[in-house]
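The values are calculated or read from the model by the stated rules, or taken from the named source; none is laboratory data. Everything quoted here is computed from the prediction, not taken from an experiment. A quick note on method: Cβ atoms are made from the backbone with ideal geometry, for glycine too, and the neighbour counts reach across all protein chains shown. What goes into the accessible areas is simple: the full protein's heavy atoms, side chains included, and nothing from ligands, DNA or RNA. Shrake-Rupley method; radii C 1.70, N 1.55, O 1.52, S 1.80 Å.
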Amino acid sequence: MTISERYKGVLGWFAANMPEADSELNYRNPYELLVAVMLSAQCTDKRVNMVTPALFDRFPDAASMSVASFEEIISYVKSVSYPNAKAQHLLEMAQMLTAAFDGVVPSTMEELTKLPGVGRKTANVMLAVAFGKPAMPVDTHVFRVANRIGLVNNTKTPEETEKRLVKNIPSDILGRAHHWLLLHGRYVCTARSPQCEKCGIAAWCKSFGK
């Protein structure tokens, strides 16, 4: 099987069976999505969604969060992973967003990654989900699934994986393809016990049957 045949099969199956795929984080605007994505690092979306309603009620925008204390922010996010670091990043992000961007979340990779606590993956999520731009965020699920099924060949870093996927996936479905791979990794092609018998893309998977 050629790599182009694998991509065509995998993407075709997802397009037919998961035409609508979106983030499982709850948000109403780019600011809320940015906060939620920052909190979701090495934490489940379910846990983040439990935390954010009260957090957004207290801090509905960057301006209100920018004048908060670290202690107050952490009181809302203490149940997520790495709460100290995340609370500090949220405070510093809100301060920069207010001071440098008038509270408006920027829509370019260069500007997003200037914000404290915002790396390439988080920036790509914002580009794809909040702004509808062609972008491929690579988290642990996407990295694992892409390598396991053979969309990429033993890539070593998320950025290398991202470049290979962007090269082979049409730009108009890139954002949806991110969610296809992420959700597939979260619920079917799991890290420890992949459910190959339930997998719709097994026919194109290089690891199936091994």
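Taking region 123-142 on its own, how many of its residues are crowded, with 23+ Cβ neighbours inside 10 Å and either under 19 Å from Ala62 (Cα atoms) or among the hydrophobic types (A, V, I, L, M, F, W, C) (or both)?
Of the residues in region 123-142, 6 are crowded, with 23+ Cβ neighbours inside 10 Å and either under 19 Å from Ala62 (Cα atoms) or among the hydrophobic types (A, V, I, L, M, F, W, C) (or both).
Tell me, which residue of region 9-25 that is open to solvent by less than 30 Å² (accessible area, probe 1.4 Å) and more than 28 Å from Asp102 (Cβ to Cβ) is modelled with the lowest pLDDT?
Ala21
For Thr98, only one of the following conditions fails: (1) modelled with pLDDT under 95; (2) in contact with a Ser or Thr (Cβ under 9 Å, 6 or more places away or on another chain); (3) open to solvent by 40 Å² or more (accessible area, probe 1.4 Å). What is its number?
So the condition that Thr98 fails would be (1).
Collect the residues in region 144-195 that are assigned to a helix (DSSP H, G or I), open to solvent by less than 10 Å² (accessible area, probe 1.4 Å) and of a type in the set (A, V, I, L, M, F, W, C), keeping them in residue-number order.
Passing the criteria: Val145, Ala146, Ile149, Leu165, Leu174, Ala177, Trp180, Leu181.
If the Cβ limit is 8 Å and pairs must be 6+ apart or interchain, which residue in region 42-67 that is touching a residue at least 60 places away in the same chain (Cβ under 8 Å) pairs with which residue that is open to solvent by 20 Å² or more (accessible area, probe 1.4 Å) and not hydroxyl-bearing (Ser, Thr, Tyr)?
none
Just one of Arg47, Arg28, Arg58, Arg6 is buried (at least 17 other Cβ atoms within 10 Å of the Cβ) and of a type in the set (Lys, Arg); which is it?
Values: Arg47 fails: buried (at least 17 other Cβ atoms within 10 Å of the Cβ); Arg28 fails: buried (at least 17 other Cβ atoms within 10 Å of the Cβ); Arg58 fails: buried (at least 17 other Cβ atoms within 10 Å of the Cβ).
Answer to the check: Arg6.
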